[in-house]
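Taking it in order: structure first as structure tokens, then the write-up.
The values are calculated or read from the model by the stated rules, or taken from the named source; none is laboratory data. Every value quoted in this text rests on a predicted model; they were computed, and no experiment measured them. Here the Cβ is made from the backbone with ideal geometry for all residues, glycine too, and neighbour counts use every protein chain on show. Surface areas here come from the heavy atoms of the whole protein model, side chains and all, with no ligands, DNA or RNA. Shrake-Rupley method; radii C 1.70, N 1.55, O 1.52, S 1.80 Å.
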Amino acid sequence: MVLELHVWGPAFSLASIDPHCLAAIAYLQQAVPRGKWALIATSDPALSPTNELPALRNGDIWIGGFRNIFYYLAQYSSGEWVLDAGLPELEGADCIAFSSFVESHGQPLIDLSLYVSSVNYTTTTRPIYNTIQSFPLPYLTPPAVRAAAKERTAHLGLSSLDLDTQDGEPQGDASFIPASLRKRATTVTSLIAQNPEITARIKLDVLAKDFFGPLQKLKGKKRYLLSNTTFSSLDCLALGYLSLMLVPELPQLWLAQTMRKKYPELCAWTEELGQQIFGGPADIDDAFLTTRTEGTTSKGGKSSLPWEVPHTGGMIGVGGVFLGNIADSIPVVGQLRRNTRMRQHGGKAPGDELQSSNWQSITTIGSLVAGVGMFLGYMFHQGFISLPENPEPERNGTGLDGYGDAGAALSIYANHMDAGSQQHRGVEAHGAPVAEVDIDVGSNGVKVTEIVS
Amino acid sequence: MPSNFSHRDAAPKPESKFSKQTAQIQNFFSIPAPIKTLFDFVPVLVYPPNELPQRAPKPSRIPTLYVFSREEDIAAGRPSFNPGCLKWQAFLNIAGVKHRLAASSNHASPSGQLPFLLPAADTSNTNLLPVRSNQLVKYAEDHGGYVEESTSMRYEAYRSLLDHRIRNAWLYTLYLEPSNFSAVAYPLYVASASSNPLVRASLSHQLRSAAEAELLKNSSIIDIDDLYSEADKAFEALSILLGDDQWFFGCDKPTLFDASIFAYTHLLLDEKMGWKEQKLCRTLKRRENLVKHRKRLVVAYFGG
């Protein structure tokens, strides 16, 4: 049985556009013997039970998510295809901790560099999806990925990278103190705050330093991150993230520049290991096994990774995925679809909810119905909606008569509320002099008649 | 009705259906005439501002830390039931910064998040701005507290275990595990906030969907087995890191890192919390040195 690893397609001369897919490729390349696995650039996360790529297929079994894949491989091979087995205790703990660190600190950097930055996204990242997905899908996937990336990085306050959101109003909540209570003083901070590009650059450098610094220290002079001999799952993960930071050629190169300038050893390690594991640059022709226009000579990628042609299922398959994506983006329907996914995966039946949550849902629905009912009632009362068999009677006067009994009651109240004002009203209505001017233009000049009542 | 309306009746304008509809829509958004008439009668009078109510907090001589807590725990200085608050409460206790506690909610905080610290009033500076949690380390340093942090390269990595792996499992087990939500989170966060069933229903829905949104930020699906197994591995790594030492990173006094891990271990091991689904608690109980570490902190800084 050949295991199939389904991943996002190649980009930037790397085997995949997603760091977790790169990590999974590196892991399988090192752990699983050649010929026992195949690499397929499906670029369709709906295949996987966890709705994310990479996904591993063994016959009818689908495993989604790179951590689950590592566990499954260990299980499937009875502990043979494991990379972390030989690690001593402290290194094992480091492997767990730094894996979490690489994921949590590396993801925002990749998000910012590839997706949030408008220039990089429009000129480089979005066009790549056109090459790795079939026709209608690139309309939906990149915006969805970008929206998720923006949400993940929202707390960093770096939306100035995203030019789409700048509508003239100043971004950035520099302080939670209301403007009226703030002291006006020109400090270095306030000067810098006036220039969002500089602020963004400083923040980005800090973020990059926080990520690369501990990794460089951990590696030290060792061959791999944890030891001289063992290539661990942490190396796979770090390689995935670092390659995607270093290799892409983007218009806004701050991330790769920072890395090359301040952490040259880490760069050299990434490039060397990438060459060793992925076997040189890969491109779309390698992944889809299409023949090149200028000949069949590959840049060296073809031989090292066991690519296979993806089966997209033709028009119907692509159409189904397209409709599924659209359904996910509709507010209520998408939520329902996501809920079903979680429940299926958690192995919970829909009936095992508790009494209290039932009661809560009943109150929620009840208040919703009551709210809608009140709104409809008001609409009826106002005469926006009228029942067909009972056409709205002509209203003869405006004012309070139009509000039925309640209006009548109110009008009595209003009319008797203040005797003085009532008098004033009377004066307005009857006593005030009204002048009418009639102008007649006739043959014998202009005749003006004034009537004062 | 007064006769000033009569001229409109005398000459009714021929209305097309469209103009009638637009008139109706304008009518819908304008203030209804009776209310407008009522308002016309009310004179505009500006009263002087009210005195602050009797129970309003007065500037105090000791700084006040606002945390999620029960009223009966405040006086005794017992740990808060919110890990974010407990972390800073423990940190201030460890640093030796004198403070008193106040039970509060997110609505009281200027940043929308608890905890925050209101500095003491008798200091020379008139600047009585609340101190947010991310400025508390500096505040403790400025006010003579004991602040020392490890500079180990492992610090950030193991902190990410707490801030992501363990926090995610905590969010799931507290808010999304139905039995725990109704037994633990509901009385602490929902029932204490309001007695109205509609408000309670909406609050609990908000809490649960916020937790769900937070978990879905980093993955496309909430993979429960993965959450628990990652938390298990995180506790294992922390347990190995602590080893036989008293405090993390071989320090001779506890630090902010010890306070952050205590915030989770204490709440998971505290029997008063009344966990129903104890999966996360069980994984923690297996690491004996972490259990002892929590015990040491309770004895030394929370009076047993």
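For region B:149-163, a residue qualifies if it is open to solvent by 40 Å² or more (accessible area, probe 1.4 Å) and under 14 Å from A:PHE211 (Cα atoms), and the qualifying residues are B:MET153, B:ARG154, B:GLU156, B:ARG159. In region B:93-100, the count of residues that are in a helix (DSSP H, G or I), touching a Pro at 6+ places or on another chain (Cβ under 6 Å) and modelled with pLDDT of 85 or more is one or more.
Looking at this structure, is B:PRO187 open to solvent by 10 Å² or more (accessible area, probe 1.4 Å) and either more than 9 Å from chain A (Cβ to nearest Cβ) or closer than 15 Å to B:ASN82 by Cα (or both)? Taking the combined requirement at face value, the residue satisfies it. Taking the listed residues A:ALA46, A:ALA41, the one that is more than 13 Å from chain B (Cβ to nearest Cβ), within 23 Å of the chain's Cα centre (by Cα) and under 28 Å from A:VAL318 (Cα atoms) is A:ALA41, with no other qualifying. The residue list A:ILE110, A:ILE61 contains one member that is within 14 Å of chain B (Cβ to nearest Cβ) and either touching a residue at least 12 places away in the same chain (Cβ under 8 Å) or in contact with a helix residue (DSSP H, G or I) (Cβ under 9 Å, 6 or more places away or on another chain) (or both), which is A:ILE110. Would region A:66-87 turn up any residue that is of a type outside the set (D, E, K, R), within 11 Å of another protein chain (Cβ to nearest Cβ) and surrounded by fewer than 17 Cβ atoms within 10 Å (Cβ to Cβ)? Checked region A:66-87: at least one residue is of a type outside the set (D, E, K, R), within 11 Å of another protein chain (Cβ to nearest Cβ) and surrounded by fewer than 17 Cβ atoms within 10 Å (Cβ to Cβ). Taking the criterion of being under 22 Å from A:ASN58 (Cα atoms) and part of a helix (DSSP H, G or I), the residues of region A:6-30 that qualify are A:HIS20, A:CYS21, A:LEU22, A:ALA23, A:ALA24, A:ILE25, A:ALA26, A:TYR27, A:LEU28, A:GLN29, A:GLN30.
The number of residues in region B:289-304 being more than 21 Å from B:HIS99 (Cα to Cα) and either in contact with a helix residue (DSSP H, G or I) (Cβ under 8 Å, 6 or more places away or on another chain) or at pLDDT below 90 (or both) comes to 5.
In region B:200-298, counting only helices (runs of 4 or more DSSP H) that sit wholly within it, the ones holding 1 or more residues that are open to solvent by 40 Å² or more (accessible area, probe 1.4 Å), of a type outside the set (Gly, Ala, Ser) and away from every other protein chain (no Cβ under 12 Å) span B:279-285.
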